[in-house]
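Only the coordinates and a few stated rules stand behind these numbers; no lab work does. Values in this document were obtained by computation on a predicted structure and should not be read as measured data. Heads up, the Cβs are rebuilt from the backbone with ideal geometry, glycines too, and the neighbour counts pull from every protein chain shown.
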Amino acid sequence: MNGVLNLNKPAGYTSFDCVAILRRLTGERKIGHTGTLDPQATGVLPVCIGKATRLLEFMDSAPKTYVCGCTLGLETDTQDIWGSVKSDRRAEIASLTRENVEKVLDTFRGEIEQKPPVFSAIKVNGKRLYEYAREGRDVEVPVRLVTIHGIRMLDWQGPQQPFTFEVVCSRGTYVRAICHDIGQTLGCGACMSSLVRTNTCGYSLEQALSLEDLRSMNAEQIEALLDPPETAVSHLPHLELDEEQAKLFTNGNPIWSDGLTLSDEVQAVFHNSKLIGIVRDRKIAKVL
């Protein structure tokens with residue numbers, strides 16, 4: 001079994017839970033996912049099986065699209081609706097308008113500095129931030145640069161109802177933190193109340209498979225639904241090799257690239273439209 005499963009992760013499951021279930025359903029041990037979703041988040045979770053797992057490290061760099069619900073006036077310790085409430089000012093925000101919020105959303109476009117939530121898996125001094133948070137210990141949360149490729153309001157039913165927005169963002173972006181920062185800018189606090197990933201690595205929510213449907217299938221039926229490994233690298237520049245170059249590449253011979261113009265980017269390497277490996281920094285990074 002070799003390929004990528006476009007899974008629609010349900011709420012209430014960790015990303016690792018989904019991998020464990022698929023291992024049982026398929027009998028395959030070599031399975032991994034890219035782009036971890038929080039337990040209450042749903043949506044596209046690409047799961048690689050077999051040799052396709054070699055591509056996981058190159059898939060996470062793809063931009064990701066989310067539809068997020070944001071509740072204004074409510075601030076929690078986890079920056080989402082499932083945390084402990086720190087302040088509730090929802091009764092005080094009746095004058096906020098859609099235009100007020102859209103102006104704030106506009107300020108998030110492009111490369112921005114973001115401070116991740118304290119309840120996150122980022123490591124500081126060898127320990128994850130959520131471990132410090134659970135112990136009640138303060139720690140300096142490192143600011144990181146992330147890129148917001150696009151952000152727009154989708155639905156507005158008034159300031160005291162959750163509004164929804166779509167965001168296309170780079171790896172490492174915390175959508176919870178965007179909600180939190182919207183609230184800080186408006187001066188009323190805010191938190192994330194729902195999150196659906198609708199696209200990543202070219203895999204869309206419309207084409208995603210539900211865990212419920214997969215549970216009713218046998219291994220052969222699931223295998224028939226796998227996308228080929230080529231689909232996992234649609235976001236990377238492609239490099240096509242002729243037969244001799246491909247033979248040298250798959251054998252790890254360093255002269256495979258003689259006469260080729262390589263970039264410093266990560267590139268997906270093909271022969272006869274079939275993915276045969278990955279190049280990084282002009283060198284072979286992975287052979288399939």
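A simple rule links phi to the HN-Hα coupling: the Karplus curve 6.51 cos²θ - 1.76 cosθ + 1.60 with θ = phi - 60°, which for the range 207-214 gives 9, 6, 9, 7, 5, 4, 5, 5 Hz, with x for Gly and Pro.
Computed over the chain with a Gaussian network model linking Cα atoms closer than 10 Å, the most mobile of V139, V104, V44 is V139. Charged side chains reduced to their Cβ positions (Lys and Arg at +1, Asp and Glu at -1) give the chain a dipole of some 660 debye around its Cα centre. With contacts taken as Cα pairs under 8 Å at a separation of at least 6 residues, the chain carries a relative contact order of 23 percent.
One compactness figure for the chain is 1.14, namely its Cα radius of gyration divided by 2.2 N^0.38 Å. Counting only GluC sites (Glu not before Pro) that sit in a DSSP loop (anything but H, G, I, E, B) with at most 14 other Cβ atoms within 10 Å, what is the longest stretch of the chain containing none of them? Answer - 1-134.
Going out from 0 in 5 Å bins, what whole percent of all Cα-Cα distances in the range 238-287 drops into each bin? Distribution as computed: 5, 24, 39, 27, 5 percent. How much of the DSSP bridge set in the range 238-287 is antiparallel, in percent, rounded to the nearest 5? Within the range 238-287, antiparallel bridges account for around 75 percent of the total. Listed by Cβ neighbour count within 10 Å, with the fewest neighbours leading, S216, S210 appear as S216, S210. DSSP assigns beta bridges within the chain; of those with both partners inside it, close to 85 percent run antiparallel. Projecting the Cα atoms of S193, A246, V141 onto the charge dipole of the chain (Cβ charges, centred on the Cα centre) puts V141 farthest toward the positive pole.
Dipole magnitude for the range 64-194: about 380 debye, using +1 per Lys or Arg Cβ and -1 per Asp or Glu Cβ, origin at the Cα centre.
Which pairs, out of K9/K64; K86/K127; K51/K286, put more than 19 Å between their alpha-carbon atoms? Over 19 Å apart, Cα to Cα: K86/K127.
Note on the range 13-166: Cα-Cα pairs beyond 25 Å make up 46% of the total pair count. Relative contact order for the range 64-194: 40 percent, from Cα pairs under 8 Å spaced at least 6 residues apart, divided by residue count.
For the range 122-177, trypsin sites (Lys or Arg not before Pro) meeting the loop criterion (DSSP other than H, G, I, E, B) and having at most 13 other Cβ atoms within 10 Å: R137. By definition, a body whose alpha carbon gyration tensor gives a ≥ b ≥ c is oblate when a/c is 1.5 or more and a/b is not larger than b/c, and the range 66-157 fits this oblate description.
Relative contact order of the range 238-287, taken over Cα pairs closer than 8 Å and 6 or more residues apart, is 37 percent. Rounded if a/c is under 1.5, else prolate if a/b beats b/c, else oblate: with a ≥ b ≥ c from the C-alpha gyration tensor eigenvalues square-rooted, which is the range 148-288? The shape class here is oblate.
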